[in-house]
Amino acid sequence: MTVKLGANRYGKAETRLVHVVRQGPVHHVKDISVSTSLSGDMEAVHLTGDNAAVLPTDSQKNTVYAFARRHGVGQIEAFALLLARHFVASQPSIHHARVEIEEYGWNRTGPHSFVRDGGEVRTCVVHHDEDGRSTVVSGLKDLVVLNSTGSEFHGYIVDEYTTLEPTTDRILATAVAAQWRHADAAGSDSASDSASDSASDSASDSASDYAKAYTEVRRCLLDAFADTHSLSLQQTLYAMGERALTACPEICEIRLAMPNKHHFPVDLSPFGLDNDNEVFFAADRPYGLIEGGVLREDAPDAGFAWE
Ligand SMILES: O=c1[nH]c(=O)c2[nH]c(=O)[nH]c2[nH]1
């Protein structure tokens, strides 16, 4: 039997970094988790244990911290591009870099005091390869939303295993995970400037575009969720994606994953009580999981953006 090495990559996962920018008594914090993943000439290390082509994951982690000091963090997309480009440009054995960042929000309560924003997490996944191609996918997750009416579900297949009652008025709740692909990763050429300029969020152009797109997509997702009279979570998902693409010309594709957080009316008849959609059991699991993408008809090829 002959075998060969298949697809492989390696890196440091979840390097936690808090960066404090001090402007006199007023401080700014960025709280992120960075995962780097490199690929290239890695036959020897797998086949013979020759590490000559390997940039240690420990050095990758150190680079993250050193770059935060050198360039600031700024918009996560710009910081990720800066790192991805550095790994590919500085090491001949590294042909491709993937950098994923999660950002946890803190809201200001004083000049140097903050309360953790318990809500959603901002995300990005950036790729860069030796041919100079870059892709940027931005996103959010754990954006928990609920409509207490305006949601129906009926008309579905009924087979011998169906027990679900049709409803014309139910709670619709989900935790939105969304990722959107930027049509042009290019902001990227000035990514290093962006990251270095933007430590206090006064980002330069491409970096502030990422921030603007984030705010706009988030608003579209929330508005479309609230506005759509829903016949299914699938229909709501499409409406949310469509709204974001319509409002944001700079993005060409959005993918959404939305758990259906079921709320079942509790049967209160044993207690002589009615329940006109007022008291619900919020089930934890299992949950429906609705996933789908919306993209422009003329969206450019995604390449490795979703890998
Ligand atoms: O919005 C829904 N979509 C489904 O596909 C589904 N399936 C189910 O049991 N409940 C629901 N709700």
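Values quoted throughout were computed directly from the atomic coordinates according to the rules given, and no laboratory measurement underlies them. Treat the numbers as computed from the prediction; the structure is a model and nothing was measured. Please note: Cβ atoms are built from the backbone with ideal geometry, for glycine as well, and neighbour counts cover all protein chains shown.
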remark   = Cross-link reach from LYS4 to aspartates and glutamates, straight Cα distance under 16 Å and at least 8 residues apart if same chain, gives ASP41, GLU43
key: Cα long-axis angle, helix 233-247 against the chain (0 to 90 degrees, to the nearest 10)   = 50 degrees
Net charge dipole size for the chain [Lys, Arg +1 and Asp, Glu -1 on Cβ; Debye, nearest 20] = 1260 debye
ask   = Taking the range 15-295, how many lysine pairs are there with alpha carbons less than 18 Å apart, if each pair must be eight or more places apart or span two chains?
value = 5
remark   = Cβ-Cβ cut-off under 14 Å around LYS141, Lys and Arg +1, Asp and Glu -1: the net charge is -4
task = Report the full-extension gain for the segment ASP274 to HIS229: residue separation times 0.36 nm, less the Cα-Cα distance, to one decimal in nm.
result = 13.6 nm
key: Distance between modelled label sites at ALA175 and LEU222, nm, 7 Å Cα→Cβ extension   = 1.9 nm
message = Taking 0.36 nm per residue of sequence separation and subtracting the Cα-Cα distance, how much length would be gained by fully extending the chain between ALA53 and ASP131, in nm to one decimal?
response = 26.2 nm
key: the chain, relative contact order [Cα under 8 Å, separation at least 6], %   = 15 percent
note = So the angle from the long Cα axis of helix 205-227 to the longest Cα principal axis of the chain, reported in degrees to the nearest 10, equals 10 degrees
inquiry  = Give me the tail of P(r) for the range 203-297 as a percent: Cα-Cα pairs with distance above 17 Å.
reply    = 62 percent
task = Let me know the longest stretch in the chain that avoids all chymotrypsin sites (Phe, Trp or Tyr not before Pro) found in a DSSP loop with at most 15 other C-beta atoms within 10 Å.
result = 1-155
request  = Find how many whole Å separate the alpha carbon centroid of the range 4-44 from the alpha carbon centroid of the range 88-134.
outcome  = 7 Å
note = Going from the fewest other Cβ atoms within 10 Å to the most, one would list ARG69, ARG9, ARG122 as ARG69, ARG9, ARG122
task = Kindly provide the Kirkwood hydrodynamic radius of the chain in Å, to one decimal, from all pairs of distinct alpha carbon atoms.
result = 21.8 Å
Rg ratio (alpha-carbon, reference 2.2 N^0.38 Å) - the range 23-175 = 1.53
